[in-house]
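Below: the structure, in structure tokens.
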Amino acid sequence: MVRTLMEIFSDKNKSPLSLEAAKEARDKGIKQVQDNADRKWQDTALAAVHQCAFGKESFIVDDVWEYMYDLHGAEQAHTRDNRAMGSIIVEAKKYGWITATNEYRPSARTKSHGNPRRVWKSLIYRQTEYQQGAMEL
């Protein structure tokens, strides 16, 4: 049976819109996806986030996926549910490698249809001598 928002609202006597409930649902979803993701894939993804954060001042998850595909190939970069990358980003934040910015860039991933992706600022970025020399040219 399909219910309207008005029916839901009157049933529970509270608004169906709640930032707190939305964040709880997000955290629950991230945990569930993480629990179901292959551990080897999670290790590979976390290493890719670290590499992106170490080598770039800022990045989006597309950069992480690109690094995984380039370094490990499609086989190891693949996971059953790509939303598992969210749990990897959460881990990287907890480790103090990255922080969220208020900037967004469009995704180049075909499946993402150009949707905006958050820009992550690296807290561990180290400019290499090669990058420094290129900037001086």
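Considering each of A100, A84, A77, A134 in turn, give the residue that is at negative phi, at pLDDT 95 or above and of a type outside the set (D, E).
A100
Search segment 25-49 for residues being over 18 Å from K93 (Cβ atoms) and of a type in the set (D, E, K, R), and hand back the single one that is surrounded by the most Cβ atoms within 10 Å (Cβ to Cβ).
To start, the set of residues in segment 25-49 that are over 18 Å from K93 (Cβ atoms) comprises 25, 32, 35-36, 38-41, 44.
From what's left, of a type in the set (D, E, K, R): 35, 38-40.
On the way: D35: 9, D38: 14, R39: 7, K40: 10.
Ranking the qualifying residues of segment 25-49, first place goes to D38.
Part of a helix (DSSP H, G or I), farther than 17 Å from R26 by Cβ and of a type in the set (V, I, T): is that true of V49 in this structure?
So V49 fits the description; yes.
Just give me the residues in segment 110-131 being at pLDDT below 90, more than 14 Å from G55 (Cα to Cα) and touching a helix residue (DSSP H, G or I) at 6+ places or on another chain (Cβ under 9 Å), in sequence order.
S112
What are the residues in segment 77-107 that are over 13 Å from the mean Cα position of the chain (by Cα) and farther than 22 Å from Y125 by Cβ, if any?
A77, H78, T79, R80, P106
So the check is Cβ under 7 Å with 6+ separation or different chains; which pairs have a first residue in segment 67-80 that's assigned to a helix (DSSP H, G or I) and a second one that's of a type in the set (G, A, S) and crowded, with 16+ Cβ neighbours inside 10 Å?
So the pair list comes out as Y67/A48; M68/A45; M68/A48; M68/A77; Y69/A77.
The values are calculated or read from the model by the stated rules, or taken from the named source; none is laboratory data. Because the structure is a prediction, the values reported are computed rather than measured. Note that we place each Cβ from the backbone using ideal geometry, even for glycine, and neighbour counts take in every protein chain shown.
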